[in-house]
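Below you'll find the structure, written out as structure tokens, and then a few comments.
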Amino acid sequence: MSLQKVTARDIIEKKKKGEKIVTITSYDYSFAKIVDESEIDLILVGDSLSMVMLGYSNTLSVTMDEMIHHTKAVSRGVSNALIVGDMPFLSYKIDNLEAVKNAGRFIQEGGAEAVKVEGGTEIIPTIKAMIDADIQVMGHIGLTPQAIYQFGGFLVQGKTIEAAKKLILDAKNLEEAGVFSIVLESIPWQIAKLITNSVNVPTIGIGAGPYCDGQILVIHDMLGIFTDIKPKFLKYFGNIGEAIRSALNDYKDEVINGIYPDREHSYEFQQQELNKLNKWVENVDICEEAHKLL
Ligand code: KIV
């Protein structure tokens, strides 16, 4: 069945209809293709690729060029889901012109249909500049991992009345600026519920409880492939890391014991031609023949 590509407008409509929005990250062609076949609404090419794909200890290291490289790979595998490119550290906070240019690269070069930025009221002018340039923007508040040094680590946010108020007001300002959805990361579920009820655009939770309009997880986390960090909210929906380990052990055993490859997995040379070839090998000096090619 061929589906229409999901649009930012469809994502907003889902909230109006009370339908849950299912989203996930992807970073390469093969994973993105499987995700898309599963009819997931939205794929985020998250800057979490800095950690789960590139092995850095946080999301600050990934560059614009690396993000574009992975977004291109994802977009080659996707025909249905809305693709959102995650703007990396410093790519949108220096000035608005650079922010719009970098956002535009996700669309023009990467094949994404929207971008995501981390931050609240303080980045509203930047978000407006992007939207004025016809770029769809997803917001992200709560634990914004690009600010971990400011937070002092990957810590739950919105735990005081003041902090919770700020999140509610930030969400309202993001909505008014024109974002089509807002990621709420690592905040108490009651605060996520309050925010979800205060805005008309969908909230997409990660570590924000069950009352958000949709959910997102990092695909390598939920499949048990990336296990360096296990936050409280993370549920393993598969143990693909273990399945990979087991497949590699089988492969190693079969190669060592001469089981793989067998005839079934080998190419055949015609017997008659092989007889001629064997005769040639017996009768020539291979070294001499090889040197003739030099
Ligand atoms: O980079 C990422 O994967 C994200 C999601 C966790 C929302 O920002």
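Structure notes:
- Residue satisfying all of: in the stretch 124-145; touching a residue at least 40 places away in the same chain (Cβ under 8 Å) and farther than 15 Å from Asn173 by Cα; nearest to the ligand (Cβ to nearest atom) among these: Pro145
- For Leu49, the criteria (1) under 21 Å from Val183 (Cα atoms); (2) out of contact with any strand residue (DSSP E or B) (no Cβ under 7 Å at 6 or more places or on another chain); (3) more than 10 Å from the ligand (Cβ to nearest atom) hold in every case but one, which is (3).
- Tally of residues being open to solvent by less than 10 Å² (accessible area, probe 1.4 Å) and free of Cβ contacts under 8 Å to residues at least 24 places away in the same chain across the stretch 51-64: 0
- Of all residues in the stretch 167-205 being closer than 19 Å to Val117 by Cα and among the hydroxyl-bearing types (Ser, Thr, Tyr), the one that is farthest from the ligand (Cβ to nearest atom): Thr196
- Residue check for Val115: surrounded by 24 or more Cβ atoms within 10 Å (Cβ to Cβ), under 17 Å from the mean Cα position of the chain (by Cα) and free of Cβ contacts under 8 Å to residues at least 40 places away in the same chain: yes
- Whenever a residue of the stretch 19-47 is at pLDDT 95 or above, its partners that are more than 16 Å from the ligand (Cβ to nearest atom) and not in a loop (DSSP other than H, G, I, E, B), lying with C-beta atoms within less than 6 angstrom and at least six residues away or across chains, give the pairs Ile21/Lys14; Tyr29/Arg76; Tyr29/Gly77; Ala32/Gly77; Lys33/Gly77.
- Residue satisfying all of: in the stretch 8-32; farther than 24 Å from Gly178 by Cβ and not in a helix (DSSP H, G or I); most open to solvent (accessible area, probe 1.4 Å) among these: Asp28
- Checked against the criterion of being more than 12 Å from the chain's Cα centre (by Cα) and of a type in the set (D, E, K, R), the candidates Asp47, Asp36 yield just one match: Asp36.
- Residue tally, condition of a type outside the set (Val, Ile, Thr) and surrounded by fewer than 21 Cβ atoms within 10 Å (Cβ to Cβ), over the stretch 65-112: 22
- Thr71 vs. criteria closer than 24 Å to Lys230 by Cβ, within 15 Å of the ligand (Cβ to nearest atom) and in contact with a Gly (Cβ under 6 Å, 6 or more places away or on another chain): no
- Residues within the stretch 206-264 that are surrounded by 14 or more Cβ atoms within 10 Å (Cβ to Cβ), more than 16 Å from the ligand (Cβ to nearest atom) and under 22 Å from Met138 (Cα atoms), tallied: 1
- Every residue from the stretch 265-292 that is assigned to a helix (DSSP H, G or I) and open to solvent by less than 100 Å² (accessible area, probe 1.4 Å): Glu273, Leu274, Asn275, Leu277, Asn278, Val281, Ile286, Cys287, Glu289, Ala290
The values are calculated or read from the model by the stated rules, or taken from the named source; none is laboratory data. Only a predicted model underlies this, so the values are computations on that prediction, with no experimental measurement involved. So basically every Cβ, Gly included, is an ideal-geometry build from the backbone, and we count neighbours across all protein chains shown. The accessibility values were calculated without ligands, DNA or RNA, using every heavy atom of the protein model including side chains. Shrake-Rupley method; radii C 1.70, N 1.55, O 1.52, S 1.80 Å.
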